[in-house]
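Below: the structure, in structure tokens.
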Amino acid sequence: MKSNQEPKLFRLIDANLNRLKEGIRVVEDIERYIFDNKELASKLKNLRHQAQYEDKRLLLYRDIRHDVLKESTQSELLRDSIQSILKANIKRAQESARVLEEAMKMVDLKWSERFKNIRYELYDVEKEL
């Protein structure tokens, strides 16, 4: 990796780690507090904990002020049911896991595989929802 690409790559990883964990957390909490589904909530909690990648460059290169798409789109503002919240967040988590799987190929292949496994687990969770 070229050193001038490092800040952008870790910015990408940071944003997608946050999206992945946040998306999982929303689904986890709905399953826990609304549906009282201990088994699925526990599975989601475990997946979220598997995504605890740490690197000082994540915070170092975080740049929220210059995010060109930080404003919400209309579709992001519309949620008409718990099911629509679940669907949006499980998809968000899956997509972020895919980005992380690809980006981590430039940083750490073990983590790339971990994010691939998380993504496949999220596909199974989606079926359970």
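What to note about this one:
- Residue that is surrounded by the fewest Cβ atoms within 10 Å (Cβ to Cβ), among those in segment 1-42 that are among the aromatic types (Phe, Trp, Tyr) and assigned to a helix (DSSP H, G or I): Tyr33
- Subset tally (residues that are surrounded by 13 or more Cβ atoms within 10 Å (Cβ to Cβ) and within 27 Å of Glu121 (Cα to Cα)) for segment 47-66: 7
- From the list Ser72, Ser96, Ser84, the one residue that fits, being at pLDDT below 95 and in a helix (DSSP H, G or I), is Ser84.
- Residue check for Ser112: over 12 Å from the mean Cα position of the chain (by Cα), at pLDDT below 90, among the polar types (S, T, N, Q) and not in a loop (DSSP other than H, G, I, E, B): no
- Scanning segment 96-116 for residues that are surrounded by fewer than 17 Cβ atoms within 10 Å (Cβ to Cβ) and touching a residue at least 24 places away in the same chain (Cβ under 8 Å) yields a single hit, Met106.
- Lys45 modelled with pLDDT of 95 or more, in a helix (DSSP H, G or I) and either among the small types (Gly, Ala, Ser) or over 15 Å from the mean Cα position of the chain (by Cα) (or both): no
The values are calculated or read from the model by the stated rules, or taken from the named source; none is laboratory data. Worth saying up front: this structure is predicted, and the values here are computed from it rather than measured. FYI the Cβ positions are ideal-geometry reconstructions off the backbone, even for glycines, and counts take in every protein chain you see.
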